[in-house]
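Taking it in order: structure first as structure tokens, then the write-up.
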Amino acid sequence: MINLRDHHEKEIKWKNSTLRNVKNQGAKIAGFFALLFMLAVLVSIFGYILHGGASHITLRMFTTYGNTTTGGLLNAIIGTWLLVGMGLLFSVPSGVLGALYNVQSTSSTRIRSVTRLFTDILTSVPSIVIGLFGYLVLVIRFDMGFSLLAGGIALGIMMLPYVMRISEISMKNVPQEQVNNAYALGADRIQVASRIYLPQARAGIISGILLAIGIAAGETAQLLYTAGWNNALPSGFMKSQVAYLTYVVWYGINQPSSYAHELAFASALILIIMVTVLISISKFVGRKRV
């Protein structure tokens with residue numbers, strides 16, 4: 001005799017299992033098409049910039065200075081790296097030390113929570129707001145003028161939260177057993193930081209720095225307010241404007257000159273290559289065990 005109750009329960013389980021399978025397959029298909037869409041967008045951007053930039057890049061662009069409509073890109077390429085380097089001088093020591101403080105602090109968690117909150121807020125602040133702050137405070141208030149120092153500090157403010165958070169995450173992955181053993185053997189915080197946290201988290205810290213460099217190299221808004229533009233190289237750290245690649249893209253594409261458009265496309269291609277290489281290296285270093 002067939003047990004109707006057991007039969008009913010089996011039927012319900014079969015229906016639930018079928019429904020789950022349908023949902024799983026639907027989610028997989030939706031994810032697949034979303035991935036295809038993202039790849040299509042990425043390939044379209046790369047293809048368009050590559051087509052517009054590769055055909056116009058010449059050796060002259062890498063060996064001569066320019067003014068966004070004539071000449072080359074040498075001053076913009078060097079200026080971009082000078083600004084990023086100045087930003088690193090501001091953000092890396094502050095970010096790594098802040099991460100060490102958060103990881104090693106044994107006091108109230110309220111300070112660490114507030115620090116992380118402000119770090120998250122700083123990550124979300126629009127670059128144009130950082131540029132306005134740099135203009136009002138650095139350029140005008142501290143009389144730096146449009147300069148390498150003002151532009152570098154503005155970039156450093158934007159880079160700081162990325163360096164700090166990724167460094168902190170990397171340090172938290174250090175085995176706590178090693179840290180406790182070091183303290184048990186009489187090591188102080190400086191010794192633990194220099195011999196355990198920093199060596200063990202080195203790959204993650206470098207990865208965060210490279211990611212921050214890649215992001216900073218493509219920024220424009222804050223530099224418009226702090227760095228200006230220079231047809232040559234800056235003559236000093238203050239009150240001497242700086243050229244950078246994103247300015248060539250922003251300004252050149254709006255000019256009627258065809259050569260200005262070529263410079264804009266070439267600058268965009270150089271930026272994409274730089275950012276892609278840096279992010280790829282950061283991913284490789286992040287996965288590498290030290």
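Where a number appears in this text, it was derived from the coordinates with a stated rule and is not lab data. Keep in mind that what you see is a predicted model, and the values were worked out from it rather than measured. A quick note on method: Cβ atoms are made from the backbone with ideal geometry, for glycine too, and the neighbour counts reach across all protein chains shown.
Here is a check on your reading of the model: is Glu168 in a loop (DSSP other than H, G, I, E, B) and closer than 28 Å to Thr276 by Cβ?
No; evaluated as a whole, the condition is false for this residue.
Here is a check on your reading of the model: is Gly145 at positive phi and of a type outside the set (Phe, Trp, Tyr)?
Judged against the criteria, Gly145 is a match.
Please determine, by comparing only the residues of segment 43-100 that are among the aromatic types (Phe, Trp, Tyr) and surrounded by fewer than 17 Cβ atoms within 10 Å (Cβ to Cβ), which one is farthest from the chain's Cα centre (by Cα).
My answer is Phe62.
Just give me the residues in segment 193-240 being closer than 24 Å to Leu149 by Cβ and either in contact with a Cys (Cβ under 9 Å, 6 or more places away or on another chain) or of a type in the set (S, T, N, Q) (or both), in sequence order.
Thr220, Gln222, Thr226, Asn230, Asn231, Ser235, Ser240
Could you please give the count of residues in segment 236-286 that are in a loop (DSSP other than H, G, I, E, B), surrounded by 16 or more Cβ atoms within 10 Å (Cβ to Cβ) and out of contact with any helix residue (DSSP H, G or I) (no Cβ under 6 Å at 6 or more places or on another chain)?
Of the residues in that region, 3 qualify.
Scan Leu132, Leu155 and give me the residue that is surrounded by fewer than 18 Cβ atoms within 10 Å (Cβ to Cβ), in contact (Cβ under 8 Å) with a residue 40 or more places away in the chain and part of a helix (DSSP H, G or I).
After ruling out the rest, the residue left standing is Leu132.
Looking at the structure I just gave you, is Leu117 farther than 24 Å from Leu223 by Cβ and loosely packed, with under 13 Cβ neighbours inside 10 Å?
Taking the combined requirement at face value, the residue satisfies it.
Mind checking which pairs have a first residue in segment 171-197 that is on the phi < 0 side of the Ramachandran plot and in a helix (DSSP H, G or I) and a second that is surrounded by 10 or more Cβ atoms within 10 Å (Cβ to Cβ) and among the basic types (Lys, Arg), Cβ under 9 Å, 6 or more apart or different chains?
Ala182/Arg195; Tyr183/Arg189
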